[in-house]
Amino acid sequence: MGTQSTTGRVNQKLRTRTAIVQAAAELSRTGQEVTMPEVAGRALVSEATAYRYFPDLLSLLREAIAGQLPTPAEALTPVADSTDPVERVAAATEFLLRHIQARQGVVRAMIAATVVRPAEAAARPGLRFGMIDHALAPAAESGALEPAALEQLKRDLAIVVSAEALFSLTDLYGLDPEEAISSLLRTATTLTRAALRDGESADNLARPDATPHPRTAA
């Protein structure tokens with residue numbers, strides 16, 4: 001009888017925990033604000049119960065969104081055959097920003113939690129970094145950019161291809177989401193084109209002229 005009772009309690013706890021995680025996962029896909037009270041209500045448990053299973057919203061969201069995020073290769077499937085860095089960066093930028101906009105509630109919640117607790121920043125998925133690396137992989141493999149220039153471009157793009165940049169334009173600058181995404185898409189592709197032009201110029205300067213021009217007599 002004791003063993004059955006213990007097993008029943010364990011199973012009930014597992015069901016409750018699963019219900020909380022599923023509620024958070026479902027809410028994260030709506031784009032609506034994500035809070036512990038809202039998650040608890042959807043899971044049909046009290047807020048206090050939710051906090052007994054998860055010490056904070058961040059730890060819950062980290063588990064809830066696990067497995068929901070696409071891999072960089074999946075996200076860039078439409079340009080899988082392209083080796084054009086500009087086209088690939090454009091695809092990565094648009095995909096990521098639309099993904100953020102569609103799930104802005106959970107994204108904002110995770111940003112808020114990690115801004116006040118920088119040590120927990122690693123809990124954020126960091127999807128942008130993998131996508132930027134994948135988008136620029138052909139440029140890295142071809143040597144179109146020197147390693148230092150490639151790393152600088154990745155850092156520049158990490159600022160632009162981000163939730164923070166999108167929310168700055170919508171929340172503070174007052175752009176609607178489509179305008180904000182278009183603006184950041186233009187910035188990302190401009191940065192990429194400029195880096196490639198600089199790389200070509202540096203390569204041309206470093207390449208010796210095989211056919212020197214004859215001097216003309218004065």
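The values are calculated or read from the model by the stated rules, or taken from the named source; none is laboratory data. Because the structure is predicted, anything quoted here is derived from the model rather than measured. FYI the Cβ positions are ideal-geometry reconstructions off the backbone, even for glycines, and counts take in every protein chain you see. Note: areas computed on protein heavy atoms with side chains; ligands, DNA, RNA excluded. Shrake-Rupley method; radii C 1.70, N 1.55, O 1.52, S 1.80 Å.
Could you check segment 61-83 and list, in sequence order, the residues that are open to solvent by 70 Å² or more (accessible area, probe 1.4 Å) and either more than 19 Å from residue 111 (Cβ to Cβ) or of a type in the set (Phe, Trp, Tyr) (or both)?
If the condition is that a residue be open to solvent by 70 Å² or more (accessible area, probe 1.4 Å) and either more than 19 Å from residue 111 (Cβ to Cβ) or of a type in the set (Phe, Trp, Tyr) (or both), then 67, 74, 77, 78, 81, 83 are the ones that fit.
Which condition number in (1) among the charged types (D, E, K, R); (2) open to solvent by 60 Å² or more (accessible area, probe 1.4 Å); (3) at pLDDT 90 or above is the one that residue 156 fails?
(2)
Can you tell which of 180, 194, 202, 206 is open to solvent by less than 90 Å² (accessible area, probe 1.4 Å), modelled with pLDDT of 95 or more and farther than 25 Å from residue 110 by Cα?
194 is the lone residue from the list that is open to solvent by less than 90 Å² (accessible area, probe 1.4 Å), modelled with pLDDT of 95 or more and farther than 25 Å from residue 110 by Cα.
If residue 96 passes every condition in (1) modelled with pLDDT under 95; (2) closer than 30 Å to residue 194 by Cβ; (3) open to solvent by less than 30 Å² (accessible area, probe 1.4 Å) but one, which one does it miss?
Among (1) modelled with pLDDT under 95; (2) closer than 30 Å to residue 194 by Cβ; (3) open to solvent by less than 30 Å² (accessible area, probe 1.4 Å), residue 96 violates only (1).
Of the residues 164, 120, 141, which is assigned to a helix (DSSP H, G or I), free of Cβ contacts under 8 Å to residues at least 24 places away in the same chain and either within 24 Å of residue 70 (Cα to Cα) or open to solvent by less than 20 Å² (accessible area, probe 1.4 Å) (or both)?
From the options 164, 120, 141, the qualifying one is 141.
Using beta carbons and a limit of 9 Å, which pairs, at least six apart or on different chains, have the first residue in segment 70-81 and under 12 Å from residue 92 (Cβ atoms) and touching a residue at least 60 places away in the same chain (Cβ under 8 Å) and the second one part of a loop (DSSP other than H, G, I, E, B) and open to solvent by 40 Å² or more (accessible area, probe 1.4 Å)?
73/80
Check every one of the helices (runs of 4 or more DSSP H) wholly within segment 1-60 and list those with 1 or more residues that are at pLDDT below 95 and open to solvent by 20 Å² or more (accessible area, probe 1.4 Å).
2-28
On the given criteria, is residue 128 part of a helix (DSSP H, G or I), among the basic types (Lys, Arg) and surrounded by 14 or more Cβ atoms within 10 Å (Cβ to Cβ)?
Details: part of a helix (DSSP H, G or I): yes; among the basic types (Lys, Arg): yes; surrounded by 14 or more Cβ atoms within 10 Å (Cβ to Cβ): yes.
In short, yes.
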